[in-house]
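The values are calculated or read from the model by the stated rules, or taken from the named source; none is laboratory data. Since the structure is predicted, the reported quantities are computational estimates derived from the model, not experimental observations. We place every Cβ from the backbone using ideal geometry, glycine too, and count neighbours over all the protein chains shown. Remember, those area values only see protein heavy atoms, side chains included, never the ligands or the DNA or RNA. Shrake-Rupley method; radii C 1.70, N 1.55, O 1.52, S 1.80 Å.
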Amino acid sequence: FFQRFEHYIKSDLPERELMLRLLFLEFIILLNNLYSKDQDHPIQVHPIKSDPLCEAIIAHLNENLTENITLEELSAQFFTNKYSLCRTFKKGTGFTVIEYLTYKRIMLAKEFLSEGVSITDTCYNVGFNNYSNFYKAFKTAVGVSPRKFIDAIAKPNITKESP
């Protein structure tokens, strides 16, 4: 976890700020869960008050990342209207539901592309319904197109030596 955090602190990637906020949020939730379960710890700890609805939404999104998820389905599943759900999620995370979902899907897409999965298969495997949306989201989050991302992995920066 800390290696990932350090990686993004030192990086100049376009997604740096978003990823740092996301990692920080996940870390705070992890700490909160660890301390709230451990009643015998020697240090007096006051768990952070997090919204159970927000935690449940995050867990659901992470578990169903590759599925077709709509705000209507989420609101039905969590017995609330979509406006209240969106407000709660934004207040608890700093992200909209769609921003969070898209970013997590792009991070998964980067893993798939790094493993050699084709761009088209990756697009559909991570939950995008069409290539155009995937391409735009990928380029916005990563800063380069999926093809250039693959090329950068295949051909790391090599400087030519003079003869």
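Of note:
- Residue list for the range 127-163, restricted to those being part of a loop (DSSP other than H, G, I, E, B) and either modelled with pLDDT of 95 or more or exposed (fewer than 13 other Cβ atoms within 10 Å of the Cβ) (or both): N129, N130, K155, P156, N157, I158, T159, K160, E161, S162, P163
- The range 89-102, subset touching a helix residue (DSSP H, G or I) at 6+ places or on another chain (Cβ under 7 Å) and surrounded by fewer than 18 Cβ atoms within 10 Å (Cβ to Cβ), residue nearest to R21 (Cα to Cα): G94
- From E55, E67, residue being in a helix (DSSP H, G or I) and at pLDDT 80 or above: E55
- Some residue of the range 12-31 being modelled with pLDDT of 70 or more, assigned to a loop (DSSP other than H, G, I, E, B), open to solvent by 60 Å² or more (accessible area, probe 1.4 Å) and more than 25 Å from K139 (Cβ to Cβ): no
- Restricting the first member to the range 76-101 and to residues that are under 17 Å from N64 (Cα atoms), and the second to residues that are small (G, A, S) and surrounded by fewer than 14 Cβ atoms within 10 Å (Cβ to Cβ), the beta-carbon pairs closer than 8 Å and six or more apart or on different chains are F78/A56.
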